[in-house]
Structure formats: C-alpha cells, structure tokens
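These notes concern the structure reproduced below.
Every read-out reported here was derived from the displayed coordinates using simple, explicitly stated rules and does not represent laboratory data. A quick note: this is a predicted structure, and the numbers were derived from the prediction, not measured. Every residue, glycine among them, receives a Cβ derived from its backbone with ideal geometry; neighbour counts consider all protein chains shown.
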Amino acid sequence: MKFFDFPLFPETASTLAREVDAVYFFALSVSAFFSLLIALFIFIFFVKYRRQRTAEIGVPIHGSTTLEIVWSLIPLVITMVLFAWGAKVFLHALTPPPDAREYFATGKQWMWKIQHPEGQREINQLHVPVGEPIKLTLTSEDVIHSFYIPAFRVKHDVLPGRYTTVWFEATRTGTYHLFCAEYCGTEHSKMIGTVTVMEPDDYETWLAGGPAKSPVASGAELFVKYACNTCHMEAGSGRGPLLHGIYGQPVTLAGGQQVVRDDNYLRESILRSGAKVVAGYQPLMPVFQGQISEEGVMHLIAYIKSLTGDESPGAAGGGAGAADGTGG
Amino acid sequence: MQATASAATPEAVRPPRHHYLNVDYGLRSWLLTTDHKRIGILYLLSITFFFAVGGIYATLIRLELLTPQGDLVSSDTYNRLFTMHGVMMIFFFLVPSIPAVLGNFLIPLMIGAKDVAFPKLNLASWYMYMIGAGLTMYSLLHGGVDTGWTFYTPFSSSYSNSFVAATALGIFVNGFSSIFTGLNFLVTIHRMRAPGMTWFRLPLFIWSHYATSLIMVLGTPVLAITLVLLFLERVFQIGFFDPALGGDPVLFQHFFWFYSHPAVYIMILPSLGVISEIVAAFARKPIFGYKFVALASMGIAILGFLVWGHHLFLSSQSAYAALVFSVLTMLIAVPSAIKVFNWMATLYRGSIEYSTPMFYALGFIGLFTIGGLTGLMLGTLGIDVHVHDTYFVVAHFHYIMVGGALMGYLGGLHYWWPKITGRLYSGFWSHLSALLVFLGFNLTFFPQFILGYLGMPRRYHVYPPEFQVLHVLSTAGASILAVGYLLPMVYFIWSLKYGDYAGRNPWGAVGLEWQATSPPALHNFEEIPVVDFEPYQYKGAPVAQRLPYRIAKYGA
Ligand SMILES: [Cu+2]
Ligand SMILES: [Cu+2]
C-alpha cells in the first residue's frame with residue numbers, strides 16, 4: 001500500500017448513507033463558515049490593534065444589545081434547522097419499512113451470530129441482496145454491544161434482555177465492514193465481520209448453497225417441545241391466550257394496563273410470563289428464563305408471528321395509542 | 001527569599017518581606033495549612049503528578065496505535081490503558097484542575113477576602129482528593145480497570161475481571177473533594193465580597209466558578225449514588241443494572257450521564273472564565289457584553305443538567321426522548337456562541353499585547369469553537385447514528401477537554417504564575433510552548449475526526465489497515481504535544497530560582513488580585529480593599545506602571 005493510498009471518506013452504500021451525509025455536509029459547511037469567519041476577525045483585530053505604547057489602553061466599549069440578540073438568534077435558527085433535519089433522518093433510520101426481510105442477529109463476547117429469514121446461519125458474516133430493505137432484530141447474550149456498518153451509516157446498541165432493530169437498503173454490491181461499536185471487553189476490537197452485498201440472483205444462489213430450516217419451522221418445533229401447544233392452541237386446555245393474529249395488536253393486562261404485543265412483549269412473556277399477564281388469565285405459565293436460548297426465543301416469536309387468522313379472545317377490546325414498548 | 005535576581009532589580013518590584021510562602025517552611029505547615037493559597041499549591045502539585053500518570057497512559061496508547069496489529073501490549077492491557085487514562089485525566093486532573101488550583105488561589109484575592117468561607121473544609125477537600133487518588137492508584141498498581149471510564153453495566157458489574165470496586169470507591173471518595181470545593185466557593189462568593197464588590201462587578205472568572213460550583217454541589221452526589229449502586233451490584237449481586245439479576249442496563253447510563261454531562265461543564269466553565277480574564281487584560285479593555293457573558297455561564301450550567309440523554313440516542317431510549325434531548329442540546333449553542341462572539345468583539349479596538357497567556361487564549365478560542373461545532377454535529381440525531389462511539393467522539397471531547405479545558409488551565413497558569421510565585425518566566429520558551437501545544441494538538445486530534453467519519457470505532461486495540469496513516473499522523477502530533485507540555489514544567493521550575501521578580505502587577509491588569517503583593521501576604525491584602533470601580537475598567541486606572549521593566553527584560 002502506498003502512503004497516500006488511504007481513504008478520507010467512507011463508502012456510501014445504502015439509501016440512508018446519502019441522507020446522513022447530506023445533513024453532515026450541511027453541518028460541516030456551516031461550521032467551516034463560522035470557524036473561518038471568527039478566525040478571520042480575530043486575525044484582523046490581532047494585527048490591527050497591536051499595542052503601540054506600553055501605557056496604551058483599549059477603547060472602552062461595553063457592548064451592544066443589538067449585536068447580542070443578533071448573534072444569539074443566528075445560532076438558534078441554524079441549530080433548529082440542524083435539529084429538524086437530523087431528527088427526520090433519525091426517525092427514518094429507526095423505522096424499518098413493513099416489507100423488509102427480517103434477519104436475527106445475536107451479539108456475544110466476541111462474535112456476531114446472524115440468521116437469515118430462510119434459516120441460513122452465519123458468524124461474523126452477513127450476506128444480503130442489493131436494493132431490498134433488510135431489517136435485523138438484535139439482542140445480546142451477555143453485555144451491551146453495538147451493531148455498526150459504517151458504509152451504510154447504521155448503528156444501534158445491542159442489549160441483553162431486550163430487542164432493538166436496525167434496517168438498511170444497500171445500494172451497491174461489494175464487501176463492507178461490520179463493527180461492534182460499544183466497548184464489550186477483551187476482544188472488543190475483534191468483534192468485527194464483513195457484510196457482502198450481492199445481486200439478487202447471486203444471493204438466491206448463495207442461499208441455495210446450504211441446507212437450512214426456517215426460523216418459523218424451528219419455532220414450530222420448539223412450540224411443541226416446550227409444550228406451549230397444550231395451553232395456547234384451540235385444541236389445548238384454553239388456560240393461556242390463543243396466539244393467532246395477535247402480533248402487533250394491543251391487549252389489556254390483568255392490571256388494566258394496555259400494551260402492544262410486539263417483539264419485546266412476546267420475549268418477556270415467554271421468558272418471564274408473570275410480568276405482564278393478559279386480563280382474564282391466571283399466571284400459570286412456567287418461567288423459561290435460562291432454559292431457551294436467545295435464538296430459540298427469536299424462533300418462537302417468528303412462529304407466533306406466522307400464526308395468522310382467528311382473532312384470539314384475549315385481544316378483544318383493544319384500544320389505540322399504546323406506546324411502542326421497549327420493556328424487558 | 002534570596003536575592004537571585006539581578007542587582008538592577010528596582011526596589012518597587014521586590015517581593016514583600018513576609019508572604020504566604022515564607023511564613024513557615026516546615027512540612028507540617030503545608031500539610032495542616034488552611035490558607036487557600038497553600039491549598040491551591042498542594043492541589044497544583046498533586047494534579048500535576050496525576051496529569052503525568054494519565055500522560056504516560058496516553059503515550060502508550062498512541063504508541064500501540066502506530067500499527068494496526070496489537071503488537072506492543074495485549075488487548076487486556078490496552079483496555080486498561082485507555083480506561084486508566086480516562087479515569088486519571090477526568091477525575092483526578094480535569095475536574096479539579098482550574099477550580100482547585102487557580103480557583104482556590106484566586107477567588108478570595110479577586111473578591112477582596114482574606115480566605116474562603118470554610119478554610120478547614122478546604123483542607124479536608126484536598127485530603128478527600130488524596131484518599132480517592134490513593135484508592136485509585138491502589139487498583140492501578142494491582143492491574144487497573146478495563147471498563148472504560150464510563151463503567152457501562154452489565155460489563156462493569158458482572159463481567160469485568162478487574163479492580164472495578166476499588167476504583168469506583170476511589171472516585172466516590174474523590175467526589176467529596178468536589179462537593180467541598182463547590183460548597184466553599186458558593187458561600188465565599190455570596191458572603192465574603194469586599195465592600196462595593198456587587199454581583200455585576202465580579203470578575204467573569206468568579207461568575208464561571210459560581211456556575212461550576214453549582215454543578216459540583218448538585219451533580220456530584222448523583223455520581224456518588226450511581227457508584228454505590230454499581231459497587232453493591234458488583235460485590236453483593238444486588239440487581240440494579242444487570243438484566244440477569246432483574247436490573248436495567250440503560251438505567252446506569254441515565255444515572256452516569258446525569259452527572260457526567262454536567263461534569264463536562266465542570267471542566268470547561270472555569271476555563272471560559274480564565275479566557276475572559278486573559279482577553280480583557282491583554283486587550284486592556286472591558287469585556288464586550290459583560291452581563292451576557294456572565295449570565296451565559298449560568299445558562300450553560302442550567303441547560304447542562306437537561307441534556308444527558310444525548311449520550312443515549314442509540315441505547316434503545318424512546319425516539320421521543322431522543323428528540324427532546326437533541327433539541328435541548330442544540331440550545332447550548334446559544335450561550336456558547338455568546339461567549340466566543342464577545343471575546344472576538346472585545347479584541348476590536350483593544351490595545352493587544354502579544355504575550356504567552358494571550359496566545360494560549362487565542363488557541364483556546366479556536367479549539368473550543370471546533371469542539372463546540374462538532375458537538376452540535378453529535379447532538380444532531382441523524383449524524384450521531386453514524387459517528388456515535390467512533391473516533392469522531394474521541395476527537396470532539398478532546399477538543400473540548402484538552403483543547404479547551406487544558407489550554408485554559410495552562411493559559412491561566414501562565415497569567416497568574418507571577419502572582420502565585422512572585423517570579424517571571426521566559427518569554428521565548430513560553431511562546432514556543434503555546435505554539436507547540438496548538439500545532440501538536442491539532443495534528444493529534446484533527447485526523448481523528450476523519451477516522452471517526454470513516455467509521456473507526458473507539459476503544460479498538462487492533463484496527464483495519466486502511467486507518468493506519470491517520471493514526472500515524474495522530475501519534476506524530478502527540479509527540480509534539482508532549483514537548484509542548486514538558487516545556488512549561490522546565491521553565492516554571494527554572495523561574496522559581498532564576499526568574500526575575502514580577503512586582504505586584506507585571507501585566508498592567510486591573511482586578512483586585514493585582515493590587516496584592518506578589519506573592520501575596522498571608523492574609524492577602526494589607527487592608528480590605530474597597531471596590532469603587534467597574535470590572536475591567538482600564539480608563540483612569542494606573543495600569544502600566546510596572547510594565548517598562550518587564551518589557552525591557554522580556555520583550556513585549
Ligand atoms: Cu461487542
Ligand atoms: Cu454530554
């Protein structure tokens with residue numbers, strides 16, 4: 001590698017990257033403008049008003065309220081523009097499109113374990129098709145990590161005990177860095193990997209390369225293995241709420257509180273069922289914390305999401321306006 | 001004091017027969033002193049030592065990062081290096097630096113008091129500092145901590161195999177030194193001002209210390225509570241933060257930053273005060289918009305308590321919370337900009353002297369501006385998604401805390417050194433140090449902004465090879481910076497024996513501290529001064545009487 005052969009700006013390989021760069025360039029030009037302006041004035045004053053005689057004093061000017069108002073309002077207006085623009089990009093980055101392909105990623109000291117919607121598993125590797133929105137549901141098996149792909153300008157902390165998400169739509173094929181950005185112990189700097197963006201056809205070929213069982217199929221097996229079906233199915237005893245079509249729906253809890261049954265709610269209810277019991281049911285379900293792996297929980301949730309059709313009785317009377325829960 | 005200065009020393013600049021340094025020479029007289037000036041000196045010596053310790057860690061970090069591979073130390077060692085660097089520099093150098101050294105020495109002198117309100121509490125604060133530092137040094141000598149100075153849970157509470165509990169205890173104890181100092185300053189500024197010293201006649205150094213003291217008193221207890229909870233979880237497995245024990249890891253981050261964001265202002269506000277003093281003194285002019293600058297300090301202190309969540313944009317905090325914290329963070333741009341624009345306007349039609357403190361102040365304004373503007377970028381949600389936890393953050397906070405706080409401290413030390421010691425230091429070497437610090441600093445940290453936007457995460461022991469050139473530049477800059485820091489240690493010590501006498505007012509500045517002798521007498525003033533002039537009132541003040549002597553010796 002020649003000395004001058006090094007990058008000064010990251011690759012731009014996702015739809016979000018362009019949006020982030022646009023705000024950044026705006027902030028950068030405003031900053032450069034004001035830094036140079038201040039430096040210029042200081043330089044001129046410094047040269048022009050150099051002390052001429054040892055006993056000389058400066059002209060006693062005490063201030064100007066007009067100027068104070070002007071140089072308070074200018075930064076205020078500029079920063080509000082910056083805030084609004086940045087907020088728009090951020091909200092976009094936080095909201096995966098509904099048609100995104102859903103991947104799972106688990107962080108642990110010190111590796112990334114990723115599973116595709118079709119079931120393929122990878123470690124420290126992520127293969128994705130170009131031009132399609134990809135959503136990753138993230139969790140950690142131990143400490144806090146952070147899932148970061150600089151070329152896509154996406155990052156989110158990965159926490160033990162709850163789900164977070166990132167999404168992106170790659171715009172260029174190639175290989176890119178995947179980093180852990182939150183310090184997580186000894187091998188933190190080796191908790192890295194590669195993201196390979198492929199043409200959709202190549203991706204299909206790649207997918208066909210290995211045998212795989214889809215997360216929904218694995219979830220269905222676990223559902224029987226842990227005997228969930230004995231309580232949560234029509235054919236069961238009816239001791240637990242039915243699960244068809246409940247995903248994303250609001251429900252009333254025993255305490256009268258309303259929650260939306262999202263990923264984090266389902267995760268908590270599987271692992272510590274007593275935390276949020278649906279109104280009308282007894283807290284009979286065993287605690288599965290420490291018995292099902294993070295991957296297993298994700299599979300069960302995938303299976304529950306796949307159950308569509310009948311409204312379950314437990315979801316009746318759901319209201320609107322429940323906040324996006326991040327419990328756990 | 002022996003007469004080592006040249007025989008031609010005019011009688012008027014000779015130090016007084018009795019001053020605070022020669023009233024007593026024994027070790028007891030130092031270790032049991034309640035004189036605010038001597039306590040300032042005790043702090044000066046101790047924080048210089050811990051700055052050197054933190055600097056050794058920084059040197060090892062920069063050497064390791066010369067190559068992409070981990071070839072100098074192991075990953076475990078590297079993690080301890082950056083943690084101990086942060087812990088030493090933040091808790092044992094930057095937080096006490098200006099308040100405990102210059103604030104202690106100068107606040108009573110500037111408001112015309114004999115001492116601070118609670119002299120014994122002042123001494124107790126130094127002992128708390130030393131005990132806290134001792135506990136931290138104990139953990140350091142047994143291998144140190146590897147959690148990062150931010151101690152994020154559950155890594156720190158359940159996973160780390162290092163001396164977390166001892167270090168947390170050390171920082172906990174050290175917190176009391178901050179609280180004692182802050183409390184002392186608040187009461188002193190309220191109760192002990194000389195006759196005629198109204199609130200709006202106070203030097204801006206005092207205003208900024210008033211704002212700093214508020215944060216110290218209100219913020220530090222939150223850090224103390226957080227560290228106690230961390231200690232309980234780590235030692236007794238009581239679940240506050242670790243989800244495996246039923247806790248919430250993000251709760252720790254809220255608690256931690258509730259103190260640690262305002263703590264940034266504990267570090268930077270005092271240096272804003274120092275810069276106002278220097279700019280006024282070397283432009284021989286009142287500060288433009290004095291009241292706005294004074295109240296901006298208070299505004300920064302209050303707003304500083306409302307923005308901690310900008311460290312948690314990507315921690316699974318709700319999007320609404322992120323929006324509120326982002327907009328509040330933006331508001332801090334206003335009081336910060338008021339400061340910078342007013343310093344700039346103060347230079348207009350001034351009588352500007354090219355002296356070392358002024359060069360440090362100019363360097364400060366440049367670096368603080370860059371640090372502040374990049375802070376706005378980090379507060380912008382859409383940009384933070386990309387640069388959070390990268391070298392962009394590392395560069396930003398070094399611009400504020402090293403380019404800002406440390407430049408301010410060094411500028412202040414150069415400005416008041418003649419008052420503290422009664423001696424002048426070399427003009428040439430001190431100009432050179434200001435230049436080297438400024439150039440070395442920029443070469444060290446500017447490449448890190450580029451590294452950060454490229455996506456290099458912070459706290460990485462090994463890194464992809466395409467980042468190497470920028471790291472090499474950064475290390476080269478750090479070696480220049482190191483020379484810039486070592487120079488003052490040499491010529492300051494040299495000045496103690498060989499420097500010429502300074503006289504009461506070597507810069508020709510106004511302000512009560514320049515009416516006292518250099519070094520000041522045990523009780524500061526021959527008689528309590530009466531203040532019948534406005535702050536920085538150069539018109540009509542006998543300012544330049546001692547200057548021809550200093551200028552003949554050292555050049556303008
Ligand atoms: Cu990690
Ligand atoms: Cu902050």
For segment B:207-218, what does the Karplus curve 6.51 cos²θ - 1.76 cosθ + 1.60, with θ = phi - 60°, yield as ³J(HN,Hα) per residue in whole Hz, taken in order and with x for Gly and Pro? 4, 5, 6, 5, 5, 4, 5, 4, 5, 4, 6, 8
Within-14-Å neighbourhood charge of B:F313 [Cβ basis; K, R +1; D, E -1]: -2
Charges only on Cβ, +1 for Lys and Arg, -1 for Asp and Glu: so what's the dipole of segment B:3-551 about the Cα centre, in debye to the nearest 20? 1440 debye
With each run of n ≥ 4 DSSP H residues scored as -39500 (n - 2.57), what mean residue ellipticity at 222 nm is computed for chain B after dividing by its residue count and rounding to the nearest 500 deg cm²/dmol? -21000 deg cm²/dmol
How much net charge surrounds A:V166 when only the other residues with a Cβ under 9 Å from the Cβ of A:V166 are counted, with Lys and Arg +1 and Asp and Glu -1? +2
Compute the normalised compactness of chain B: alpha-carbon radius of gyration over 2.2 N^0.38 Å, N being the residue count. 0.96
When you count, for each residue, the other Cβ atoms within 10 Å and take the mean per peptide, how do A:113-120, A:273-280 rank with the highest first? A:113-120, A:273-280
Defining a contact as two alpha carbons under 8 Å apart and six or more residues distant in sequence, what relative contact order in percent does segment A:139-269 show? 15 percent
With the cut-off at 1.5 for a/c, could you classify segment B:118-245 from its C-alpha gyration tensor as rounded, prolate or oblate? prolate
If I take R0 = 45 Å and measure r between the Cβ atoms of B:V23 and A:R50 in this structure, what FRET efficiency does the formula 1/(1 + (r/R0)^6) give, to the nearest 0.05? 0.60
Quickly rank B:102-109, A:263-270, A:225-232, A:281-288 as a protection proxy: mean count of other C-beta atoms within 10 Å, highest first. B:102-109, A:263-270, A:225-232, A:281-288
Have a look at A:H156, A:L138, A:G274 and report the one farthest towards the positive end of the charge dipole of chain A, computed about the Cα centre with Cβ charges (Lys/Arg +1, Asp/Glu -1). A:H156
Using a Gaussian network for chain A with springs between C-alpha atoms less than 10 Å apart, which of these wobbles most: A:S31, A:S72, A:S14? A:S72
Proxy exposure order for B:H388, B:H398 (fewest C-beta within 10 Å first) is B:H398, B:H388
Within 10 Å of each Cβ of B:311-324, how many other protein chain Cβ atoms are there on average? 5
Long-range amide H partners of B:I352 with built H, under 5 Å: A:R50, A:R51
Please report B:V235, B:V393, B:V101 as a ranked list, fewest other C-beta atoms within 10 angstrom at the top and most at the bottom. B:V235, B:V393, B:V101
Taking 2.2 N^0.38 Å as the expected size of a compact globular protein, what ratio does the Cα radius of gyration of segment A:101-208 give against it, to two decimals? 1.00
Most positive-pole-ward Cα, B:L347, B:L272, B:V228, against dipole of the protein assembly as shown from beta carbon charges: B:L347
Alpha carbon convex hull of segment B:173-257, volume per residue in cubic angstrom: 88 Å³
Along the charge dipole of chain B, pointing to its positive end and built from +1/-1 on Cβ of Lys, Arg, Asp and Glu, which listed residue (B:T380, B:L406, B:H36) has its Cα farthest out? B:H36
Pull out the extension gain between A:F25 and A:A275, defined as 0.36 nm times the separation in residues minus the alpha carbon to alpha carbon distance; nm, one decimal. 85.4 nm
Viscosity 1.002 mPa s, temperature 20 °C: give me the Stokes-Einstein translational D for the protein assembly as shown in µm²/s, with Rh taken as the Kirkwood radius over C-alpha pairs. 73 µm²/s
Between helix B:319-331 and chain B, what is the angle of the helix's C-alpha long axis to the longest principal axis, kept within 0 to 90° and rounded to the nearest 10? 20 degrees
Report the relative contact order of chain B, percent, no decimals, based on alpha-carbon pairs under 8 angstrom and at least 6 residues apart. 19 percent
Under the Karplus relation 6.51 cos²θ - 1.76 cosθ + 1.60, θ = phi - 60°, what is the ordered set of whole-Hz ³J(HN,Hα) values for segment A:239-249, x standing for Gly and Pro? 6, x, x, 6, 10, 6, x, 8, 4, x, 9
By counting other Cβ atoms within 10 Å of each Cβ, how are B:R423, B:R234 ranked from fewest to most? B:R234, B:R423
Rg and Dmax of segment A:177-251, Cα atoms, in Å? 20.2, 51
Please report the net charge: other residues with Cβ closer than 11 Å to the Cβ of B:D35, K and R +1, D and E -1. +1
Taking amide H positions as placed in the peptide plane 1.01 Å from N, state which residues far from A:M111 in sequence (5 or more) or on other chains have amide H under 5 Å from it. none
